[in-house]
Amino acid sequence: MAKILFVNPVVREEDVPRHIPYGIALLAAIAMNNGHLVQIYDANAWRKGFGVLPDVYLADDWDVIAIGGLTTTYSFIKEACRIAKEVAPDAFLVAGGGFLTSMPQDIMEWIPQIDLGIVGEAFVTWPEVLEKIDNKDTDFSATLGVICRDGDGKPILNNTRPIIRDLNTLPAPAWDLFPLEEVYFKNSASLFSEDAYRIKRRIDINASYGCSLICRYCWHLGTTGDMLIEKDSNGNNDVVFTYGRNIRYHSPDYIIDMVKELKKNFNIDFVNFLDENLMTMDASSKRTWLKEICEKWIAAGLQPSSRRPGGKAAAPGEEPGVYWSGTSHASLHRPEILKLMYEAGCTHLVYGLESFDPGILKNLGKGTTAQKNIDSVGECMRSGIMPIPNIIIGFPEEDFQSVRNTINALIKLGIHARPHFATAYPGSEWYYTYKESIKEQYDGDLERYVADLGDATKITAVISHNFTGLELLGLQEIVAQRNLRVLDQAEKYWGRPGVTNVAAPQESFNFRRKKIDGPIDGSK
Amino acid sequence: MSELMKGNFEVKRKLDVPDVSDDSADFKNEFKKKALESIGGSMVFVEREMLFWESTESADGE
Ligand code: B12
Ligand code: SF4
C-alpha cells in the first residue's frame, strides 16, 4: 500500500474558505478503498502560508504527494511543488485537475518538479497510478490519461482515458478528512438568500457531469466527453477540446442516499449542487431528473421545515430538513419545476445571464435571448427561489449599445451588479481563439497570464475587439452605477483614428468547433 | 492545537503548529483586507512590505 499526502491548494484568497474540494475528496476515498494510506493537508482551509509546508512534507515518508486544483491555483501549486521536491525529494509528485488538464504541456514545462500529471477524469487513472507506484513501477508510457516524462524530463502526453459510464459506482467523498467543524461549517452561510444566510452546516455535492451548451468562456475540465488527445503539427500529442459531451448523472436515489448520509453523519442543513448547470441537465434528461430528485427529497423527509405545509423555519441547529441551491438557465427553467424545487428546499439559483444584448447572446452559445434573460428573473422569483444573476462585460463584440442594453435591463429589473470582465480561462474556446492576443498583452509570457488569473473582477488579458483595458474599467464602473449619462458622454468622445484592436481572433489546433465526443468506456 | 492533517493512519511526525499560527500576520492581513475594501475618497492604503523607495541621501550623509 502507498502512503499518500494530498495538498489542497489555496483558492480565492480574498474570501474565507468555503468549498471542500470535491475531486480530491473523491480521489482520497478511492485511494483508501484500494487499501492505501491517505492524509490530507487542506492548505485552502487553514491558510497558514507556505511556511508550514516543509513540516507537512516531513510529517511522514510519503510515496506520493498529490496536488491539483483549478487554473487560478497555479501560483500556489508551483511554489508548493518547488518546496515538495526540496524537502521530500523521494516522494513521487503527482498533479491533476483543471490547472493541468487545460494545458498539460505548458504546466509540465513550467513546473519541472511534477513527476506525473493525470489529465482529465482521474477516477480510473488515479488508482492505476497508485498501484504501479506501490509496485515500484514508474514507467507510465502505456498508462492512459497521463502526462509523464521521458529520460530527459521531456513531457510525453499519452492517449485519452475514457471516462466512466456509471457514476453510481463512485464512493462517497472522504468528507471527514477535511476540517469541517474547524473551518468549513463556520463559513457555511451565504448572502444569496435569507434561508441560505441562516444555515449552519453546508456540504456541497456534484450530482451530474456535463452541460450540453457551448458558452465560449466555459470549460468542462476534460471530464465530460469534451476532450480528445491528438497529434499536433510537430507530431506531439496535445489536448483538443470540442463541443462533444457525454452527459452523465448520478441517479436520484444515489443523490438522496448521499444527502441522507450527510444529514445522519454531519447533521447538515444545506447542500450546494456543484453541477455545471442543473437546468441543462434536467433538459437533457427530458425533464425527469430534477423532478425525481425533488419528489424523493420530500419523500425522504429532507424537505426543510419552512417549506412543509403550514410549517415555519426551525430554530438554528434544529432544522430537520436540508435546504439546497444550484445553477439554472434562463430559457430552460420552467414554472412547474421551479415550484417543485422551492417546495423541496431550493433557496437560490445562479443564472449566468451575462448580458442583455441580443448580438452578444447570439454569439455566446448559451441558448438564451435578451427577452428570456429579462423574464427569467421574475419567473424564478415568483417561485420563491432567489435568482442570482451573473453579469459580464468586455465580450469580443461588446460596444456602447450592448452596454446600454445591459444597463437598461439592470435598471428595469432592479439589479445592482459590478460586472465581471470577460476572461479567457485556459481550456475555453475563448482561450484558444485569443491565445496569440493574450500572449501579446503579456509580452509573450503565457505563464505570467496564467499566474495573473483570478475571479475576473480585475482586468487580465482583454478579448474585446473594441475596448482597451482602460475603457473596460470605466465601463465596469458605469454599469455598477447604471449611469447612462456618462455612458452616452463616453461614446460621444470615443473612437480615435489609427488605433488597432487589442484582441484579434485566430484558429487553433486545440479547439475544434464540432460536436465530437471524447471516449467513454464501452460497458453499458 | 488543531489537527492540521487528517487521514486514515497516524503520521510518524506530528505537526507542531500552534492553533493560531501567527496572530500578528492574521491581524495584518485582516487590516489590509478591510483597508483595501474601503479605498476611495480620502482613504488610501500603503503597503509596508512593498516599499521600493530608497533614501536619496548618500551613505556619507550628504
Ligand atoms: C466548486 C468550484 C469552485 C470553488 C473552488 C473549488 C475547489 N476548491 O476545488 C470556487 C467557488 C472557489 C471556484 C471559483 C472559481 N471557479 Co470554479 N468551479 C467549481 C465547480 C462548480 C465544481 C468543481 C468540482 O468540484 N467538480 C467536481 C470534481 C469531481 O471535479 P474536479 O474537481 O475537477 O476533479 C476531477 C479532476 O479534475 C481531477 N482532479 C481534481 N483535482 C485533482 C487533484 C489531483 C492530485 C489529481 C490527481 C486529480 C485531480 O480528478 C477529479 C476526478 O476526475 C466547477 C464546475 C464543475 N461542476 O466542475 C467550477 C470550475 C472548476 N471553476 C471554474 C472557474 C472559471 C472558476 C473561477 C475562475 C470563476 C470566476 N470567474 O470567478 C473562480 C476562481 C476564483 C479565484 N479567485 O481563484 C472553471 C475551471 C476553469 C479552469 N480553467 O480551471 C470550472 C470548470 C467552471 C466552468 N465550467 O468553467 N470554483
Ligand atoms: S450553461 Fe453554464 S455550464 Fe453550460 S456551457 Fe454555459 S456557462 Fe458552461
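Given the stretch A:1-100, what helices (runs of 4 or more DSSP H) lie entirely inside it while holding 3 or more residues that are open to solvent by less than 10 Å² (accessible area, probe 1.4 Å), more than 12 Å from chain B (Cβ to nearest Cβ) and in contact with a strand residue (DSSP E or B) (Cβ under 7 Å, 6 or more places away or on another chain)? So that I can check it myself, show each step before the final result.
Working: elements: A:22-33, A:43-46, A:53-58, A:74-87.
Correct list: A:74-87.
Going by the conditions given, is A:Glu276 within 13 Å of ligand 1 (Cβ to nearest atom) and touching a residue at least 40 places away in the same chain (Cβ under 8 Å)? Yes, satisfied.
Inside the stretch A:269-286, residues that are closer than 20 Å to A:Ile214 by Cα, in a loop (DSSP other than H, G, I, E, B) and either open to solvent by 10 Å² or more (accessible area, probe 1.4 Å) or among the β-branched types (Val, Ile, Thr) (or both) make up a count of 5.
Could you please find all residues in the stretch A:69-106 being among the hydrophobic types (A, V, I, L, M, F, W, C), more than 9 Å from ligand 1 (Cβ to nearest atom) and within 20 Å of the chain's Cα centre (by Cα)? Quick ask: steps written out before the conclusion?
Kept after step one, since they are among the hydrophobic types (A, V, I, L, M, F, W, C), are these residues of the stretch A:69-106: A:70, A:76-77, A:80-81, A:83-84, A:87-88, A:91-95, A:99-100, A:103.
If we keep only those that are more than 9 Å from ligand 1 (Cβ to nearest atom) too, we end up with A:76-77, A:80-81, A:83-84, A:87-88, A:91-93.
Matches in the stretch A:69-106: A:Phe76, A:Ile77.
Select from the stretch A:223-256 the residues that are assigned to a strand (DSSP E or B) and closer than 13 Å to A:Gly210 by Cα and list them in ascending order.
First, pick out the residues of the stretch A:223-256 that are assigned to a strand (DSSP E or B): A:227-231, A:237-242, A:248-249.
The answer is A:Met227, A:Thr242, A:Arg248, A:Tyr249.
A:Thr433 satisfies every condition listed in (1) of a type in the set (S, T, N, Q); (2) at pLDDT below 95; (3) within 30 Å of A:Thr223 (Cα to Cα) except (2).
Among the residues of the stretch A:135-152, is any touching a residue at least 60 places away in the same chain (Cβ under 8 Å), surrounded by 17 or more Cβ atoms within 10 Å (Cβ to Cβ) and aliphatic (A, V, I, L, M)? No, because not a single residue in the stretch A:135-152 is touching a residue at least 60 places away in the same chain (Cβ under 8 Å), surrounded by 17 or more Cβ atoms within 10 Å (Cβ to Cβ) and aliphatic (A, V, I, L, M). In the condition set (1) in a loop (DSSP other than H, G, I, E, B); (2) open to solvent by 40 Å² or more (accessible area, probe 1.4 Å); (3) within 22 Å of A:Val240 (Cβ to Cβ), A:Ile156 is compliant with all but (1). Tell me whether the stretch A:445-453 contains one or more residues that are of a type in the set (A, V, I, L, M, F, W, C), open to solvent by 20 Å² or more (accessible area, probe 1.4 Å), at pLDDT 95 or above and touching a helix residue (DSSP H, G or I) at 6+ places or on another chain (Cβ under 9 Å). Yes, because at least one residue in the stretch A:445-453 is of a type in the set (A, V, I, L, M, F, W, C), open to solvent by 20 Å² or more (accessible area, probe 1.4 Å), at pLDDT 95 or above and touching a helix residue (DSSP H, G or I) at 6+ places or on another chain (Cβ under 9 Å).
Could you say whether any residue in the stretch A:210-222 is of a type in the set (Lys, Arg), open to solvent by 20 Å² or more (accessible area, probe 1.4 Å), in a loop (DSSP other than H, G, I, E, B) and within 13 Å of ligand 1 (Cβ to nearest atom)? Yes, the conditions are met somewhere in the stretch A:210-222.
Condition check ((1) in a strand (DSSP E or B); (2) within 15 Å of ligand 2 (Cβ to nearest atom)) across all residues:
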{"position": "A:Leu353", "(1), (2)": "yes, yes"}
{"position": "A:Leu361", "(1), (2)": "no, yes"}
{"position": "A:Glu398", "(1), (2)": "no, no"}
{"position": "A:Ala409", "(1), (2)": "no, no"}
{"position": "A:Ala417", "(1), (2)": "no, no"}
{"position": "A:Tyr431", "(1), (2)": "no, yes"}
{"position": "A:Glu440", "(1), (2)": "no, no"}
{"position": "A:Tyr449", "(1), (2)": "no, no"}
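Could you grab me the full set of residues in the stretch A:363-373 that are open to solvent by 10 Å² or more (accessible area, probe 1.4 Å) and within 11 Å of ligand 2 (Cβ to nearest atom)? Spell out how you get there, then give the answer.
Initially, the stretch A:363-373 is screened for residues open to solvent by 10 Å² or more (accessible area, probe 1.4 Å), giving A:363, A:365-372.
A:Gly365, A:Lys366, A:Gly367, A:Thr368 - these are the residues of the stretch A:363-373 that are open to solvent by 10 Å² or more (accessible area, probe 1.4 Å) and within 11 Å of ligand 2 (Cβ to nearest atom).
Consider A:Gly310 carefully, then state whether it is assigned to a loop (DSSP other than H, G, I, E, B) and open to solvent by 20 Å² or more (accessible area, probe 1.4 Å).
yes
Considering the conditions (1) touching a residue at least 60 places away in the same chain (Cβ under 8 Å); (2) assigned to a loop (DSSP other than H, G, I, E, B), A:Glu318 is excluded by exactly one of them, (1). Inside the stretch A:160-209, residues that are acidic (Asp, Glu), more than 14 Å from chain B (Cβ to nearest Cβ) and open to solvent by 30 Å² or more (accessible area, probe 1.4 Å) make up a count of 2.
Of everything listed in (1) without any contact (Cβ under 8 Å) to a residue 60 or more places away in the chain; (2) under 24 Å from A:Ser102 (Cβ atoms); (3) of a type in the set (Ser, Thr, Tyr), the single unmet condition for A:Thr369 is (2).
How about the stretch A:257-268: which of its residues are in contact with a strand residue (DSSP E or B) (Cβ under 7 Å, 6 or more places away or on another chain) and in a helix (DSSP H, G or I)?
Initial filter on the stretch A:257-268 (in contact with a strand residue (DSSP E or B) (Cβ under 7 Å, 6 or more places away or on another chain)): A:258-259, A:262, A:266, A:268.
Listed by number, the residues that qualify are A:Met258, A:Val259, A:Leu262, A:Phe266.
Inclusion of A:Ile164 among residues that are of a type in the set (Val, Ile, Thr), under 30 Å from A:Ile256 (Cα atoms) and at pLDDT 95 or above is warranted.
The values are calculated or read from the model by the stated rules, or taken from the named source; none is laboratory data. For clarity, every value in this text was computed on a predicted model and none was experimentally measured. Cβ: placed from backbone, ideal geometry, glycine included. Neighbour counts: every protein chain shown. For the accessible areas, the whole protein counts, side chains as well, though only heavy atoms, and no ligand, DNA or RNA atoms are used. Shrake-Rupley method; radii C 1.70, N 1.55, O 1.52, S 1.80 Å.
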